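Undergrad: Here it is: the structure, laid out below.
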Amino acid sequence: MRQSNLSANDERILEVLRRSTQPLSAHAILAEARAPQIRAAMQVYRSLAKLERRDLVHRVEALSAYVTCTGDEGERHRPGFSICRSCGTVAEFEDERVTRIAAQAAEPGFAVEDCRWRYSAAALLASGARTRTVAA
Ligand SMILES: [Zn+2]
């Protein structure tokens, strides 16, 4: 599906991420894109920044890699990610508490740049469910 105001490079990078079963670094995207007009990492970063602003992709900070958004299209949100420490499977989730915390932090005049917490997880292949352990 063609997104409005996306360049051919943006579309190609989005397609690479949609086809990938794992999060990809900008350099992996560059290698995978194999498009003659995408020759430098800076072009990939520029497109990724644009796609992130539209919530079409997210940067998974813990992995320094990118995934496509699995949330509702066109809706701004602050997702969290479960990352399997064994197989690298990443699942996006949303929690209204994160949105509330960010809103409360912004009230006295702060621009929240990042809001995250960390836990350890392992994907359960048979059920597709996730274990969750809160780190101390
Ligand atoms: Zn999302």
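The values are calculated or read from the model by the stated rules, or taken from the named source; none is laboratory data. The structure displayed is predicted, hence computed values, not measured ones. In this analysis, Cβ positions are derived from the backbone assuming ideal geometry, glycine residues included, and neighbour counts consider all displayed protein chains.
Undergrad: Of all residues in the range 42-55, which are in a helix (DSSP H, G or I) and of a type in the set (D, E, K, R)? It would help to see each step written out before you state the result.
TA: Here is the first cut: in the range 42-55, the ones in a helix (DSSP H, G or I) are 42-53.
Within the range 42-55, R46, K50, E52, R53 meet the criteria.
Undergrad: While we're on this one: With the condition kept exactly as written, say whether any residue in the range 34-52 is acidic (D, E), within 16 Å of the ligand (Cβ to nearest atom) and closer than 19 Å to A122 by Cα.
TA: First, pick out the residues of the range 34-52 that are acidic (D, E): 52.
Subset that is within 16 Å of the ligand (Cβ to nearest atom): 52.
Checking the rest, the ones that are also closer than 19 Å to A122 by Cα come to none.
Checked the range 34-52: no residue is acidic (D, E), within 16 Å of the ligand (Cβ to nearest atom) and closer than 19 Å to A122 by Cα.
Undergrad: Does at least one position in the range 30-46 carry a residue that is within 16 Å of the chain's Cα centre (by Cα) and either small (G, A, S) or under 16 Å from E73 (Cα atoms) (or both)?
TA: Scanning the range 30-46 turns up no residue that is within 16 Å of the chain's Cα centre (by Cα) and either small (G, A, S) or under 16 Å from E73 (Cα atoms) (or both).
Undergrad: Right, something else. What's the number of the only condition in (1) in contact with a Lys or Arg (Cβ under 6 Å, 6 or more places away or on another chain); (2) loosely packed, with under 14 Cβ neighbours inside 10 Å that R76 fails to meet?
TA: (1)
Undergrad: Of the residues in the range 33-44, how many are surrounded by 13 or more Cβ atoms within 10 Å (Cβ to Cβ) and either outside the structural domain of N9 (by TED's automatic domain parsing) or more than 14 Å from E11 (Cβ to Cβ) (or both)?
TA: Going through the range 33-44, the residues surrounded by 13 or more Cβ atoms within 10 Å (Cβ to Cβ) turn out to be 33, 35, 38, 41, 43-44.
Narrowing further to those that are either outside the structural domain of N9 (by TED's automatic domain parsing) or more than 14 Å from E11 (Cβ to Cβ) (or both): 41.
Here the count works out to 1.
Undergrad: Across the range 1-24, what is the number of residues that are touching a Leu at 6+ places or on another chain (Cβ under 8 Å), in a loop (DSSP other than H, G, I, E, B) and free of Cβ contacts under 8 Å to residues at least 60 places away in the same chain?
TA: Of the residues in the range 1-24, the ones touching a Leu at 6+ places or on another chain (Cβ under 8 Å) are 3, 6, 10, 13-14, 16-17, 23-24.
Next cut, in a loop (DSSP other than H, G, I, E, B) only: 3, 6, 23.
Applying the additional criterion that residues be free of Cβ contacts under 8 Å to residues at least 60 places away in the same chain yields 3, 6.
Selection size over the range 1-24: 2.
Undergrad: All but one of (1) of a type outside the set (A, V, I, L, M); (2) closer than 13 Å to L17 by Cβ; (3) out of contact with any strand residue (DSSP E or B) (no Cβ under 9 Å at 6 or more places or on another chain) hold for R97, so report the exception by its number.
TA: Against the list (1) of a type outside the set (A, V, I, L, M); (2) closer than 13 Å to L17 by Cβ; (3) out of contact with any strand residue (DSSP E or B) (no Cβ under 9 Å at 6 or more places or on another chain), R97 comes up short only on (2).
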